[in-house]
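Here is the structure we will look at, set down as structure tokens.
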Amino acid sequence: MQVLCCYIIKVIYDCSITGGLGTGHMLKRSRLEVYFDVLKAIGEGVDKPTRIMYKANLSWNTLEDALTTLVSREFVVEKRVGNSRRYSLSSKGQNALDHFNKALESLSTSSNLIILRR
């Protein structure tokens with residue numbers, strides 16, 4: 001988890017220099033940013049795939065890739081309800097989101113960073 005936190009801080013720093021993380025510029029998000037956008041949406045109680053897609057502002061294919069990765073790495077729990085799927089954060093996913101938020105808060109001196117809150 002410590003390695004993940006160091007990587008998160010590096011990505012946040014890089015994004016603060018290049019104008020990423022919500023400055024209104026049309027920069028491509030990294031996979032890590034996509035993963036945390038999905039975790040944030042699920043953490044806010046959005047559990048249906050289409051709603052997660054809208055909340056995280058992703059295409060369907062990108063969402064499917066992110067969910068597959070997050071479920072396989074046990075950050076997200078997938079529940080099948082009939083023909084539909086529902087998603088929730090695992091304790092590992094909640095922990096990662098908390099660490100990400102703490103890293104953002106520690107770097108929040110820059111006015112162009114967005115603080116993600118549960």
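With surrounded by fewer than 16 Cβ atoms within 10 Å (Cβ to Cβ) and in a helix (DSSP H, G or I) as the only criterion, which of 35, 54 stands out?
Answer to the selection: 54.
Can you find a residue in the range 3-21 that is exposed (fewer than 12 other Cβ atoms within 10 Å of the Cβ), modelled with pLDDT under 95 and within 15 Å of residue 104 (Cα to Cα)?
Checked the range 3-21: at least one residue is exposed (fewer than 12 other Cβ atoms within 10 Å of the Cβ), modelled with pLDDT under 95 and within 15 Å of residue 104 (Cα to Cα).
Search the range 38-47 for residues being part of a loop (DSSP other than H, G, I, E, B) and free of Cβ contacts under 8 Å to residues at least 24 places away in the same chain, and hand back the single one that is surrounded by the most Cβ atoms within 10 Å (Cβ to Cβ).
Keep residues of the range 38-47 that are part of a loop (DSSP other than H, G, I, E, B), which gives 44-47.
Those left that are additionally free of Cβ contacts under 8 Å to residues at least 24 places away in the same chain: 45-46.
Working: 45: 11, 46: 18.
By that ranking, first place goes to 46.
The values are calculated or read from the model by the stated rules, or taken from the named source; none is laboratory data. In this text the structure is predicted, and so the values were computed from the model without any measurement. Here Cβ is always computed from backbone atoms with ideal geometry, including for glycine, and neighbour counts include all displayed protein chains.
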